[in-house]
There are 4 protein chains.
Amino acid sequence: MATAKDMLETYPRSFNVDADTLASAIDALIECGSTCTQCADACLSEDDVAAMAKCIRLNLDCADICATTSRVLGRQTEYDANVTRSLLEACVAACKSCGDECQSHSEHMRHCAICAESCRRCESACQELLGAMA
Amino acid sequence: MATAKDMLETYPRSFNVDADTLASAIDALIECGSTCTQCADACLSEDDVAAMAKCIRLNLDCADICATTSRVLGRQTEYDANVTRSLLEACVAACKSCGDECQSHSEHMRHCAICAESCRRCESACQELLGAMA
Amino acid sequence: MATAKDMLETYPRSFNVDADTLASAIDALIECGSTCTQCADACLSEDDVAAMAKCIRLNLDCADICATTSRVLGRQTEYDANVTRSLLEACVAACKSCGDECQSHSEHMRHCAICAESCRRCESACQELLGAMA
Amino acid sequence: MATAKDMLETYPRSFNVDADTLASAIDALIECGSTCTQCADACLSEDDVAAMAKCIRLNLDCADICATTSRVLGRQTEYDANVTRSLLEACVAACKSCGDECQSHSEHMRHCAICAESCRRCESACQELLGAMA
């Protein structure tokens, strides 16, 4: 499997953030985006789907925002710190909201338990990258 | 053509932001996302493509961020103000950066001139929605 | 508002499909993708959401596929007929399935009625473009 | 890290395709989509970017199509075989075109060499899933 780190190492110019921190954030974002898509779908197939409406909505938002953030971070050409920083902050907010909601269902639904952990990891990875950019 | 406003009017529950302001933001985001995708591609076919690398990169970011923001705004179910607000702020930053870069090419490239205007309209529509949410 | 047609007219090289047919397809795809996102969300807020699970799922698929197809069609640089054609066929299938499902709810749910029409228009626009490419 | 397989195992209903084959396809699609986004960006920073225009365009298409296909495959609720099959076929076409183009640059550009392999793996994984669905 090719990883974000493998690809960062092939970038033909230099970039000024730590490659490991950046690659960890991209990996966490991709995992979280995909996990949220699958969690939204698993919620949609639960018997009491009405009780999962909030979780589905936050999963859909978090999936979209993580996917977009992973793409923006994957680009090194003419990096824009303002755009990157504000998008990372939006992503932290999305992972926090979705992680909290999934956490609240985690005792009864395994997909929400896994997704909550994925959101927490992604939130941390985005925070760490924000710290490294400061 | 069905518009964002047409669809908002069919939403089965109530929502607490002005429908016209919200619909205007969704419309502007969709237009800007699509225009940025086409502008990135037009830049890629210019003779001096090396000079357009920054514009292409910002167009790609802006396209992704606007598309994601239009989706998040299109969802009314269990609306999350924190996520929405921080994403709108990221979108304002993306539209500002992309609009500035496109503006700088607008005299010589018609696609950048149109795209700069689209970014400005989108930035304003997001700012207006942020104001209405306050 | 900048339209797909406005942007196509600024493309710096020539392209070999009718600009009006292409622009109509892009416009229909963007409208359908956005309408499906809003329809999925409206379905999620219906009282009997369990009955809407199939509609939500097909709306999410159709939203993703239309958005991606509109991006691929928006690019003229080094156009690839095989990719375009097979993606348009996937989009026709998605619009057909989603349109049929929304149609079945259209008497009782206005969002599904509007979305069904949007899917039909998009299916036709994709078919027309496939015909023009032949 | 949570994987597609971990999440498939939590799906509350049954589904009728082999979970390992499905999970392998989702993993390959996510990897390929992300690798293509980074390859497009690396190409954009090459000295002779004009020579990379075709590669950039195909990378952007392949990134969008793989991301969308991974989402559609991640959903089990009310699975639609027609949509899935035609989208997998579009994805095979995109991975083939992008893989061929990246292959042609692989001797001189490490990002294209890695990306070509990622496209080949993804093409195979999609073909295998198409076979398992037959």
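Laboratory data are not the source of any read-out in this text; all were calculated from the coordinates shown. What you are looking at is a predicted structure, and each value in this text was computed from that prediction instead of being measured. So basically every Cβ, Gly included, is an ideal-geometry build from the backbone, and we count neighbours across all protein chains shown.
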Shape descriptors of chain B over alpha-carbon atoms, Rg and Dmax in angstrom, are 15.5, 52
Give the lysines whose C-alpha is closer than 20 Å to that of A:Lys5, dropping any in the same chain fewer than 8 places away, or say none.
none
Evaluate the distance, in nm, between pseudo-label points positioned 7 Å from the Cα of A:Thr21 and of A:Ala132 along their respective Cα→Cβ axes.
0.6 nm
With a sphere of radius 11 Å drawn around the Cβ of B:Glu101, what net charge do the other residues whose Cβ falls strictly inside it have (Lys, Arg +1; Asp, Glu -1)?
-1
Counting pairs of alpha carbon atoms under 8 Å apart in space and at least six apart in sequence, what relative contact order in percent does segment B:1-100 give?
28 percent
Can you give the local net charge around C:Ser24? Use residues other than it whose beta-carbon is closer than 13 angstrom to its beta-carbon, Lys and Arg +1, Asp and Glu -1.
-4
Sort C:Glu117, C:Glu123 by Cβ crowding within 10 Å, fewest neighbours at the top.
C:Glu117, C:Glu123
Over every pair of different alpha-carbon atoms in the protein assembly as shown, take the mean of 1/r and invert it; report that Kirkwood radius in Å.
22.4 Å
In peptide B:12-23, how many Cβ atoms from other protein chains are near each Cβ within 10 Å, on average?
1
Inter-centroid distance (Cα atoms) of segment D:32-85 relative to segment C:103-134, Å
26 Å
Identity and axial distance of the chain B residue whose Cβ lies nearest the axis relating B to D, Å:
B:Val49, 3
Name the residue, out of B:Gln103, B:Gln76, B:Gln38, whose mean-square fluctuation peaks in a Gaussian network model built on chain B with Cα pairs under 10 Å.
B:Gln76
At 7 Å out from Cα toward Cβ: D:Arg13 inter-copy label distances (nm, ascending)
2.3, 4.6, 4.9
Set of aspartates and glutamates near A:Lys96 by C-alpha distance (under 13 Å), chain-local residues within fewer than 8 positions excluded
A:Asp61, A:Glu117, A:Glu123, B:Asp80
Taking C:Gln103 in one copy and the same position in all the others, each labelled 7 Å out along Cα→Cβ, what are the pairwise distances from the first, in nm, shortest first?
4.2, 4.7, 4.9
